[in-house]
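Below you'll find the structure, written out as structure tokens, and then a few comments.
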Amino acid sequence: MTVIAIPLIPLIASLVAVLSRRLAVTRTVTTAAGLLTLILSVWVASVVNEKGTMLVFPNWIAVDGLSSLILVLQGFLSLTAALFSWGYMKRVTRSRPRERWYYVNLNLFIASLFMVPIFLQPALTWVAVELTTILSVFLVSFENTPQALEAAWKYTVITIMGATVAVFGIFLLIWGVTQQHVDVDTWATVASASPHMSVSLLKLAFVFIFIGFGTKVGIVPMHTWLPDAHSQAPSAVCALLSGIEVSTILYVIMRLWPAFLVIPGGFAERWALIFGLISVATSAFLMIQVKDYKRLFAFSTVEQMGILLVALGLGAGSNYALLCQLMTHALTKSLTFYSAGAVLLVTSTLNIANVRGLIRISPIAGTSLLFSGLAIGGAPPFALFLSELSIFKASLTASRIFVLVLLLAFLTLAFIAILRHLNHMVFGKPTHARVKLPRTVTASLILSWIPVLVLGVYFPGSIHHWLTLATVALRR
Amino acid sequence: MMQQVLSSMNSLVGALFLLSAVVMMTTRQTQNVLRLFVVQSVLLAASAFILIWVRHSAELIVVVLITITFKTVIIPLVLNRSLGREVRRRRELEFVVNTPVSLLIALGITALSYFFVEPLVGTSGTAVSENLAMGLDVLLIGVYTLTVRREAMPQILALMMIDNGAFYTGIAITRASALIELAAGLEGIMVIVVVVLLTRALVQQVGTTETGALTTLKEGESK
């Protein structure tokens, strides 16, 4: 029942936000809900780490290694996002009803995210994926500016179209299961029935699911909505969207991966490799010319999703590296958006050219932005460095030298682009007066920095075991 | 005999379903696109009704009821009530792609759908093979329509057309699950409410429902 309580907690927090007249209560309850969901997710993960799986309702709801990984990351980010929102929204939002409306939406969105990894049936998971879009639209459009509304419109129309295209692929897979006279459609039955399905059916289902969900993951060329939506929303929402929402949708593709592995000729792997490399390349070039620092990090999300796809396409040898990268990206990307949000608080501009001497305007925001930029670029000694290194090693082991060379070239380009922009912003003569950050924003930054720093130098055995357990879901 | 009649009715409904998609793609007046969407949804419900006997699946009555209630009553009502007469009476004077070219593309999409579906339906019945191809066809025409329309409401209805296409196939090839059908139906209404609220905000803040003109967010621009 603990598993069901996880999405229910933010739902209750949302209800409190609707009913409570005092914003202090709403802020406290949202943060408490984040903390509670994190504690419960970690508890579920520890049980899964011990027993392998946690069954709630057979054929309906259960958690295994992979879904517990997503749950814990969602829990951690919901806590840091609540904490960051506390000080950030208090300072930027003048209207109390609008701030309350923000917390209602934030909690609903978090609840919908928690629903995705707990369902065992692809069709129900699709319903949850659709909910993540519907319940985050008003967070993207929250600023109510023409730009925010434009971003929200593109986000809604393109990602809902993608999800509806994906459901066609899911119907095809369920049809394939039905033809084997199996009455239940779960991830497991789809995988076990797939060798008996026709190759044409599997290929068509794969293309629709890959393009459909890939649209919401932000794979190039279906990524056009992502830099807009992930840069226009309030920073805590950007952290959730870029840090965990896209990975949660990629989780759905990963869940169906064992079924697609039976397609002869490495069909699925080739698609993942090609689209992954195109995403990394396109985003690296676009990152050079951006003028808006939140957009810079949004393109970095497209790049990171590309890396994850490449890891998926490299085969079973890179599954561990893939999940490690998914985890470290979620932790690091949320940190970069919190840092970007802190910079926005002290400068009130998103334009890179208009910010200089950040380190003197706000030492905390400046330092955090610079080092989080280095961390998301893959520099040592931060967590992402180790996981990217594992992917490089996996491509060498799989004898994909060409993939490795391209990946190295594009990642270097992206790293230079990030560093160039951040160097301009952090150093030089200050363009703004010195401003102090709200305490909860600083607390959120410190909390987010802990795993990014710790996992870069020390990787506990229990996390190694947990990730190894999670790779089981990706194998046949 | 009965099966033959049902099969013919299924083919007729399928043909009309496809026709409604093509006409929706080329219709300029927003209010007429909405009327065509209602007709298309009635045809979706009719298909589910026929499949009750073809597939001996009484559970499909849930699909009939949900489609009729949500797509032919609630969604048009929400759109009509919440968007002003001005929005509903708008005409798209210029299409991104002109009508003859769009019709040719729709023809190509139809050929492509049959090409993709043909290897899948070897031993399956006629109803399955026909509905699979028709659903895929309408879904792809919906995606194309969404890409080329520039007005908010026709784009919303193109989204719903994609949904109709996917579910036209879904009800023909999978077992109906009342819970999932209900969830999907409710989600359809939520999508409509969300996009309607967004459209109203666009009218207030940007002063237009011409979503094709929303191009301020691009590289080289920032707040």
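The values are calculated or read from the model by the stated rules, or taken from the named source; none is laboratory data. From a predicted model like this one, the values you see are computed outputs, not experimental measurements. Glycine also receives a Cβ, built like all others from the backbone with ideal geometry; neighbour counts cover every protein chain displayed.
Exactly one of these conditions fails for residue A:190: (1) among the aliphatic types (A, V, I, L, M); (2) farther than 28 Å from residue A:105 by Cα; (3) in a helix (DSSP H, G or I); (4) away from chain B (no Cβ under 13 Å). Give me its number.
(4)
Filter the range A:140-187 down to residues that are more than 9 Å from every other protein chain (Cβ to nearest Cβ), of a type in the set (S, T, N, Q) and more than 30 Å from residue B:216 (Cβ to Cβ), then give me how many there are.
Residues flagged as more than 9 Å from every other protein chain (Cβ to nearest Cβ), of a type in the set (S, T, N, Q) and more than 30 Å from residue B:216 (Cβ to Cβ) within the range A:140-187 amount to 2.
Could you figure out which of (1) farther than 30 Å from residue A:347 by Cβ; (2) within 20 Å of the chain's Cα centre (by Cα); (3) part of a helix (DSSP H, G or I); (4) among the hydrophobic types (A, V, I, L, M, F, W, C) isn't true of residue A:73?
With (1) farther than 30 Å from residue A:347 by Cβ; (2) within 20 Å of the chain's Cα centre (by Cα); (3) part of a helix (DSSP H, G or I); (4) among the hydrophobic types (A, V, I, L, M, F, W, C) applied to residue A:73, the lone miss is (1).
Hey, can you tell me all the residues within the range A:3-19 that are touching a residue at least 12 places away in the same chain (Cβ under 8 Å) and more than 24 Å from the chain's Cα centre (by Cα)?
Hits for the range A:3-19 are A:16, A:17, A:18.
So which residues in the range B:168-178 are more than 8 Å from chain A (Cβ to nearest Cβ) and not β-branched (Val, Ile, Thr)?
Those that are more than 8 Å from chain A (Cβ to nearest Cβ) and not β-branched (Val, Ile, Thr): B:168, B:172, B:176, B:178.
Residue-by-condition table, conditions (1) under 22 Å from residue A:136 (Cα atoms); (2) at pLDDT 90 or above; (3) more than 10 Å from chain A (Cβ to nearest Cβ):
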| site | (1), (2), (3) |
| --- | --- |
| B:115 | no, yes, yes |
| B:120 | no, no, no |
| B:152 | yes, no, no |
| B:190 | yes, yes, no |
| B:219 | no, no, no |
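From the list B:103, B:107, B:182, which one is farther than 30 Å from residue B:6 by Cβ, aliphatic (A, V, I, L, M), more than 8 Å from chain A (Cβ to nearest Cβ) and surrounded by fewer than 24 Cβ atoms within 10 Å (Cβ to Cβ)?
Every option except B:103 fails the conditions.
What pairs come up if the first residue lies in the range B:142-160 and is farther than 16 Å from residue B:188 by Cβ, the second is among the aromatic types (Phe, Trp, Tyr), and their beta carbons are under 7 Å apart, counting only those six or more places apart or on different chains?
Pairs that qualify, where the first residue is farther than 16 Å from residue B:188 by Cβ and the partner is among the aromatic types (Phe, Trp, Tyr), are B:148/B:95.
Before we move on, is residue B:202 touching a residue at least 40 places away in the same chain (Cβ under 8 Å) and at the interface with chain A (Cβ under 10 Å from one of its Cβ atoms)?
Taking the combined requirement at face value, the residue satisfies it.
When you go through (1) surrounded by 24 or more Cβ atoms within 10 Å (Cβ to Cβ); (2) part of a helix (DSSP H, G or I); (3) not aromatic (Phe, Trp, Tyr) one by one for residue A:63, which number turns out not to apply?
Answer for residue A:63: the failing condition is (2).
Take the range A:122-133 and flag every residue that is at the interface with chain B (Cβ under 8 Å from one of its Cβ atoms) and touching a residue at least 24 places away in the same chain (Cβ under 8 Å).
A:123, A:124, A:130 - these are the residues of the range A:122-133 that are at the interface with chain B (Cβ under 8 Å from one of its Cβ atoms) and touching a residue at least 24 places away in the same chain (Cβ under 8 Å).
Of the residues A:171, A:206, which single one is part of a helix (DSSP H, G or I) and modelled with pLDDT of 95 or more?
Just one listed residue meets the conditions, A:206.
With a cut-off of at least 2 residues that are over 30 Å from residue B:211 (Cα atoms), name the helices (runs of 4 or more DSSP H) lying wholly within the range B:1-110.
Where helices (runs of 4 or more DSSP H) fall fully within the range B:1-110 and carry at least 2 residues being over 30 Å from residue B:211 (Cα atoms), they are B:2-26, B:30-54, B:60-66.
Do we have any residue at all in the range A:244-254 that's modelled with pLDDT of 95 or more, of a type in the set (S, T, N, Q), in a helix (DSSP H, G or I) and under 11 Å from the mean Cα position of the chain (by Cα)?
Yes, the conditions are met somewhere in the range A:244-254.
Test residue A:199 against the stated conditions and say whether it is over 30 Å from residue B:192 (Cα atoms), over 21 Å from the mean Cα position of the chain (by Cα), surrounded by fewer than 22 Cβ atoms within 10 Å (Cβ to Cβ) and in contact (Cβ under 8 Å) with a residue 40 or more places away in the chain.
yes
Suppose we filter A:40, A:36, A:55 for residues that are over 19 Å from the mean Cα position of the chain (by Cα) and assigned to a strand (DSSP E or B); which single one remains? Walk me through it before giving the result.
Details: A:40 fails: assigned to a strand (DSSP E or B); A:36 fails: assigned to a strand (DSSP E or B).
Every option except A:55 fails the conditions.
Test residue A:447 against the stated conditions and say whether it is touching a residue at least 60 places away in the same chain (Cβ under 8 Å), within 20 Å of residue A:306 (Cβ to Cβ) and not in a loop (DSSP other than H, G, I, E, B).
no
What residue, among those in the range A:90-121 that are closer than 16 Å to residue A:77 by Cβ and small (Gly, Ala, Ser), is nearest to the other protein chains (Cβ to nearest Cβ)?
A:112
Look at the range A:235-288 and say how many of its residues are buried (at least 21 other Cβ atoms within 10 Å of the Cβ) and among the basic types (Lys, Arg).
Total meeting the criteria: 1.
From the list A:166, A:81, A:148, A:123, which one is out of contact with any Cys (no Cβ under 7 Å at 6 or more places or on another chain) and closer than 24 Å to residue A:329 by Cα? Step through it out loud before you land on a result.
On the way: A:166 fails: closer than 24 Å to residue A:329 by Cα; A:148 fails: closer than 24 Å to residue A:329 by Cα; A:123 fails: closer than 24 Å to residue A:329 by Cα.
Step by step, each of A:166, A:81, A:148, A:123 is checked, and only A:81 is out of contact with any Cys (no Cβ under 7 Å at 6 or more places or on another chain) and closer than 24 Å to residue A:329 by Cα.
Please give the number of the condition residue A:349 fails out of (1) touching a residue at least 24 places away in the same chain (Cβ under 8 Å); (2) within 19 Å of residue A:88 (Cα to Cα); (3) surrounded by fewer than 24 Cβ atoms within 10 Å (Cβ to Cβ).
(1)
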